[in-house]
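To start, the structure itself, in C-alpha cells.
Taken together, the values in this text are just the output of simple stated rules run on the coordinates, not laboratory data. Keep in mind it's a predicted model, so treat the numbers as computed, not measured. Positions of Cβ are generated from backbone atoms using ideal geometry, with glycine treated the same way; all protein chains shown enter the neighbour counts.
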Amino acid sequence: MRLVTVGDRLALLHNGRAVDVAAASEGRFESDPMTVFERWAEFTAWVSAYVPAPDAGEPVEVHRLGPPVPRPRQVFAVALNYPPHAAEAGYRPPDDPLVFTKFPTCVTGPDAVVELPGEKVDWEVELVAVIGTAGHRIPQEEAWAHVAGLTVGQDLSERAVQMLGTPPQFSLGKSFPGFGPTGPALVTTDELADPDDLEISCSVSGTVVQRSRTKEMIFSVPVLVARISAVCPLLPGDLIFTGTPAGVGNRMNPPRYLTPDDELVSRIEGIGEIRTRFSTTGGVRP
Ligand code: ZN
C-alpha cells in the first residue's frame, strides 16, 4: 500500500492515481490521515479487501502532495547512525543510539519551498519509519509489526544553531519551519523487496552528494524501535528519522551549504523521491 496526502486528505495510490480514502470507504474512514493511524489494523484490513475500479481516483499532482503524516505527536531522530558519517563528523560509531527530536512543527511535504533562516543550512537524507500500532517496551523481534510504513525524509540542519553552546544542542537547529520534508508516500513494507536494505541518496542541484544503503545503519529500524520505546511509548503516526549517510555539506572542503538557487532531491529505492527548494524570504509550505 502507498498512502499520500493530497491537499489535506488521505489517498491511496492505485495504478498511479490517488483514490480518496474517505470517499472510497463511504465515510468509514475520515480524510484526516492522523485519524487513520489511530485505527491502523482496521484500516489495513479494509484496504486489503477494497477493490477499486481500474480507473478509480485522480491523477497525482505532485505540487498538491503534503506530508504523509502531517501532525505527528513525536518526531525522533538519530545522529551518527552510519559509520562513514560518524567518521566524517569526527566521532567513533556510538555504542547506543544518539536520539534527539525534530519538533513536529518542522514537518512539511515532498515538494516544499523552505525558508533559509541562516547561511549554514545543510542536507541529511534519511529513511523515516512511521509508527502504526502504539507500543511501549517493544521487543526488537516485534518492531516491524508496529511500523505502518516507510517514507523519505530530509533532516535539514542549520549548523550554526545546531553547534551553538557547550555542549551543543541538536534539536532547535533542526526544527525551523520546513526542516522536516517527508514523502512522497508512506509505503508499507510488503511493497519493498527488503525493507532493511534500500538504496538511499540525495543530490544538490544535480550533483549526487550522498549515496548508501540502509543496511549500513549501525542501529536498524527494529533496534531503534526497541531502544526508543524502552523509554518513550510510541504513538500512531510518530516518526523516526533514522540517521544520514556520509556526504553532508559542512564536512566538505570547503563546506557547502544550501542556497535559494539549489534544488535538493532525496531518494530511497522503492519509496520515491522528494524535492526541496529554498528561499530567503518566507517559504511556502504546501
Ligand atoms: Zn540526521
* Structure fact -> Per the rule of 0.36 nm per residue minus the C-alpha distance, extending Thr101 to Glu263 adds in nm 55.8 nm
* Structure fact -> Between Asp190 and Asn253, the two model label points (7 Å from Cα along the beta-carbon direction) sit apart by a distance in nm of 5.1 nm
* Structure fact -> Volume per residue (Å³) of the convex hull spanned by the alpha carbons of segment 2-60 is 73 Å³
* Structure fact -> Rounded to one decimal in Å, the inverse mean reciprocal Cα-Cα distance for segment 189-286, i.e. its Kirkwood radius, is 15.8 Å
* Structure fact -> The farthest towards the positive end of the charge dipole of the chain, of the residues Ile268, Leu198, Leu172, given +1 on Cβ of Lys and Arg and -1 on Cβ of Asp and Glu, is Leu172
* Extension gain, Val231 back to Asp197 (0.36 nm per residue minus Cα-Cα distance, nm) -> 9.6 nm
* What is the gain in length, in nm to one decimal, between His136 and Thr280 on full extension, counting 0.36 nm per residue of separation less the C-alpha to C-alpha distance? -> 47.7 nm
* Structure fact -> Taking segment 228-279, the equivalent ellipsoid from its C-alpha gyration tensor has semi-axes in Å, biggest first, of 29, 16, 12
* Asked: In bins 10 Å wide, starting from 0, what share of all Cα pairs of the chain does each bin hold, as a percent?
  -> 7, 31, 37, 20, 5, 1
* Asked: Taking the chain as a Gaussian network, where each spring joins two C-alpha atoms under 10 Å apart, which residue of Ser31, Ser157, Ser48 fluctuates the most?
  -> Ser48
* Asked: Per-residue ellipticity at 222 nm for the chain, helices alone: DSSP H runs ≥ 4 residues times -39500 (n - 2.57), over residue total, nearest 500 deg cm²/dmol?
  -> -3000 deg cm²/dmol
* To do: Taking the Cα centre of segment 215-269 as origin, work out the dipole magnitude from +1 charges on Lys and Arg Cβ and -1 charges on Asp and Glu Cβ, in debye rounded to 20.
  => 260 debye
* Structure fact -> All alpha-carbon distances of segment 1-145, grouped into 10 Å bins from 0, give the whole-percent distribution 9, 31, 31, 20, 7, 1
* Name the residue, out of Pro168, Pro70, Pro104, whose mean-square fluctuation peaks in a Gaussian network model built on the chain with Cα pairs under 10 Å. => Pro168
* To do: Report the residue, chosen from Met217, Met252, Met34, that carries the largest GNM mean-square fluctuation when the chain is represented by alpha-carbon nodes joined by springs under 10 Å.
  => Met252
* Asked: Any idea what the relative contact order of the chain is, in percent, if you count C-alpha pairs under 8 Å spaced at least 6 apart?
  -> 26 percent
